[in-house]
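Trainee: Handing you a structure now.
The values are calculated or read from the model by the stated rules, or taken from the named source; none is laboratory data. Small disclaimer: the values here were computed from a predicted structure and weren't measured. So basically every Cβ, Gly included, is an ideal-geometry build from the backbone, and we count neighbours across all protein chains shown.
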Amino acid sequence: MAKSIWVCGACGHVEAKWHGQCPGCNEWNTLAEEAAPARIGGGGARGGGSGGRARAARVVALRDVQTPQVERLQTGIGEFDRVLGGGLVPGSLVLLGGSPGIGKSTLTNMALGNLQAAGRQTLYVSGEESAAQIRLRAARLGAGALDVPVLAETDLETVLATIAAERPEVCVIDSVQTLHAPELTGAPGSVGQVREVASQIMRAAKGAGVAVLLVGHVTKEGALAGPRVLEHLVDCVLQFEGERERTYRTLRALKNRFGSTNETGVFEMHQGGLVEVLDPSARFVGEATGKPGSVVLAAMEGTRPLLVEVQALVSPSELVPPRRVCNGIDRNRLALVLAVLARHAGVGTGTQDVFVNVVGGVRVDEPGADLAVALAVASAARGVAASAGERPLACFGEIGLTGELRSVAHGDRRAEEAAKFGLSPVLSAETAPTLRQALRAALGSPAAAAA
Ligand code: TYD
Ligand code: MG
């Protein structure tokens, strides 16, 4: 009884058995296992029609579509609720991705604990840890977390049956890669399995109105990176990131059908679980060194301004080509900034290693970070501190390829945030039209530095 089919990820070609090379498009290793579609009333094959017997459905103008008022489920973790767009929507499917050890189980466990304490029905399904291990963690997270019903199981059918019997309002599946759909032969975590597990859970969740938080690991190799294949299937994709060794972690929405993708939550890992960092700017500015190679970037994290310290180190290299190492910014962006620095601002780093780090494990993926990276590198290269009087220098702005500075969104809010911490004036496209002028304003003239 063949219950599965093999579908090519590149061309959609369908095969009854596995092939290394797709007979449709000749690509290698693109066939992934899927459950064969159920045949209804002896109908045709995949996507089979009904032979022209179907009746046309009635269509309505969007204006006349009824929108039920849904009450969102508050997880009681302010930063988490804000990233979700105001809490969990009943019946929604949320994918929470992140590398192992980042705190996904901790966050979901805490959320369920709060919901359970607020009188909601919850269920924590774990395929990774035993009930005893989950209890050990929950004991660190406070009383509410211990009241959460738990199921340690990897068999998808058992999990679905338990959800149907328990009828929770919120359910966590930790993780989607550990569940196993028995009708597919692939190993748990393989692309076909992950897709099948997620789609069966989605059907069950939508049917019963259960809000499901699917936890998924993101691996560097990408071989078991199931979450990427689920992005189109789920309502929200949340990414939990930061460095495991550091205490700061950021939670951001990459996709959200019920809210903005601009929101970011900042957390710190403590003895008793994750703690929200309500004013991250204060932390980061307080820790800023103000030494050569350090500047403060007035960044935007979604709709919130955030001050973070950007540090650079420039040192003579023995390698050809020299090292370019960065944390928290895009490598290509660093290459661009270094090229503009060399070509338009007289700061060459061709024979030097350049290291750039956004402090605290924060990631800034916006063009507004260019100026801070450039100033940090130039300040490190010249050994001159970029400061505004006693305080570290705050800046933001995009750098153009001809060496000009460009305005970025929310300039006023960034400047306000810097002013709140006494870091004004702020260096930006409004105060310096070119990178060369910005360098002069921040570091003085190169001749004076050399002297
Ligand atoms: P975990 O939530 O298990 O990570 P994930 O599910 O993403 O793999 O926990 C991550 C790390 O956090 C773990 O190594 C232990 C640490 N931790 C604390 O420091 N304090 C705590 O209260 C808890 C629960 C975990
Ligand atoms: Mg975990």
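Results for (1) of a type outside the set (Gly, Ala, Ser); (2) within 13 Å of Val358 (Cβ to Cβ); (3) touching a strand residue (DSSP E or B) at 6+ places or on another chain (Cβ under 9 Å), shown as yes or no for each residue.
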| position | (1), (2), (3) |
| --- | --- |
| Leu278 | yes, no, yes |
| Gly286 | no, no, no |
| Thr289 | yes, no, yes |
| Ser294 | no, yes, yes |
| Ala299 | no, yes, yes |
| Pro316 | yes, no, yes |
| Arg333 | yes, yes, yes |
| Leu336 | yes, no, yes |
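Trainee: Let me ask something else about it. Restricting the search to the stretch 312-339, which residues are part of a loop (DSSP other than H, G, I, E, B) and among the aliphatic types (A, V, I, L, M)?
Mentor: If the condition is that a residue be part of a loop (DSSP other than H, G, I, E, B) and among the aliphatic types (A, V, I, L, M), then Leu319, Val320, Ile329 are the ones that fit.
Trainee: Determine whether the stretch 153-168 contains at least one residue that is touching a residue at least 12 places away in the same chain (Cβ under 8 Å), closer than 17 Å to Val215 by Cβ and within 16 Å of ligand 2 (Cβ to nearest atom).
Mentor: The answer is yes, given that some residue of the stretch 153-168 is touching a residue at least 12 places away in the same chain (Cβ under 8 Å), closer than 17 Å to Val215 by Cβ and within 16 Å of ligand 2 (Cβ to nearest atom).
Trainee: Now for a separate question. So which helices (runs of 4 or more DSSP H) stay within the stretch 142-215 end to end and still have 2 or more residues that are within 27 Å of the chain's Cα centre (by Cα), of a type in the set (D, E, K, R) and surrounded by fewer than 22 Cβ atoms within 10 Å (Cβ to Cβ)?
Mentor: Result: 191-208.
Trainee: Please identify the pairs in which a residue from the stretch 104-127 that is over 16 Å from Leu88 (Cα atoms) has its Cβ atom under 7 Å from the Cβ atom of a residue that is of a type in the set (Lys, Arg) and surrounded by fewer than 23 Cβ atoms within 10 Å (Cβ to Cβ), counting only partners at least 6 apart or on another chain.
Mentor: From residues that are over 16 Å from Leu88 (Cα atoms), the pairs are Ser105/Arg137; Thr106/Arg137.
Trainee: Hey, can you tell me all the residues within the stretch 232-266 that are at pLDDT 85 or above and charged (D, E, K, R)?
Mentor: Selection gives Asp235, Arg249, Arg252, Lys255, Arg257.
Trainee: What are the residue pairs meeting all of these: first residue in the stretch 89-101, first residue over 16 Å from Gly209 (Cα atoms), second residue within 16 Å of ligand 1 (Cβ to nearest atom) and assigned to a loop (DSSP other than H, G, I, E, B), Cβ atoms under 6 Å, and 6 or more apart or on different chains?
Mentor: Gly97/Val218; Ser99/Val218; Gly101/Arg244
Trainee: Something else now. Considering only the stretch 130-144, state which residues are out of contact with any strand residue (DSSP E or B) (no Cβ under 8 Å at 6 or more places or on another chain), among the small types (Gly, Ala, Ser) and under 19 Å from Ala117 (Cα atoms).
Mentor: Passing the criteria: Ala138, Ala139, Ala143, Gly144.
Trainee: On to the next question. Could you list all residues from the stretch 340-355 that are of a type in the set (A, V, I, L, M, F, W, C) and not in a loop (DSSP other than H, G, I, E, B)?
Mentor: Across the stretch 340-355, the qualifying residues are Val340, Leu341, Ala342, Val354, Phe355.
Trainee: Go through (1) out of contact with any Asp or Glu (no Cβ under 8 Å at 6 or more places or on another chain); (2) within 16 Å of ligand 2 (Cβ to nearest atom); (3) closer than 26 Å to Arg304 by Cβ and name the single condition Leu95 misses.
Mentor: All conditions are met except number (1).
Let's see how each residue does on (1) surrounded by fewer than 19 Cβ atoms within 10 Å (Cβ to Cβ); (2) away from ligand 2 (no atom under 16 Å from the Cβ); (3) under 18 Å from the mean Cα position of the chain (by Cα):
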{"position": "His270", "(1), (2), (3)": "yes, yes, no"}
{"position": "Leu274", "(1), (2), (3)": "no, no, yes"}
{"position": "Val285", "(1), (2), (3)": "no, yes, no"}
{"position": "Gly290", "(1), (2), (3)": "yes, yes, no"}
{"position": "Met300", "(1), (2), (3)": "no, yes, yes"}
{"position": "Gly328", "(1), (2), (3)": "no, yes, yes"}
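Trainee: Filtering the stretch 106-137 down to residues that are crowded, with 24+ Cβ neighbours inside 10 Å and assigned to a helix (DSSP H, G or I), which residue is farthest from ligand 1 (Cβ to nearest atom)?
Mentor: Looking at the filtered set, the residue picked out is Leu115.
Trainee: Collect the residues in the stretch 392-439 that are surrounded by 15 or more Cβ atoms within 10 Å (Cβ to Cβ), part of a helix (DSSP H, G or I) and out of contact with any His (no Cβ under 7 Å at 6 or more places or on another chain), keeping them in residue-number order.
Mentor: Once the filter is applied, which keeps residues that are surrounded by 15 or more Cβ atoms within 10 Å (Cβ to Cβ), part of a helix (DSSP H, G or I) and out of contact with any His (no Cβ under 7 Å at 6 or more places or on another chain), the stretch 392-439 yields Gly411, Arg414, Ala415, Glu417, Ala418, Lys420, Gln437, Ala438, Leu439.
Trainee: Taking the stretch 166-201 as the region of interest, how many residues are among the hydroxyl-bearing types (Ser, Thr, Tyr) and within 16 Å of ligand 1 (Cβ to nearest atom)?
Mentor: Result for the stretch 166-201: 2.
Trainee: If you don't mind, another one. Are any residues in the stretch 262-299 of a type in the set (Val, Ile, Thr) and part of a strand (DSSP E or B), and if so, which ones?
Mentor: Within the stretch 262-299, Thr264, Val266, Val275, Val295, Val296 qualify.
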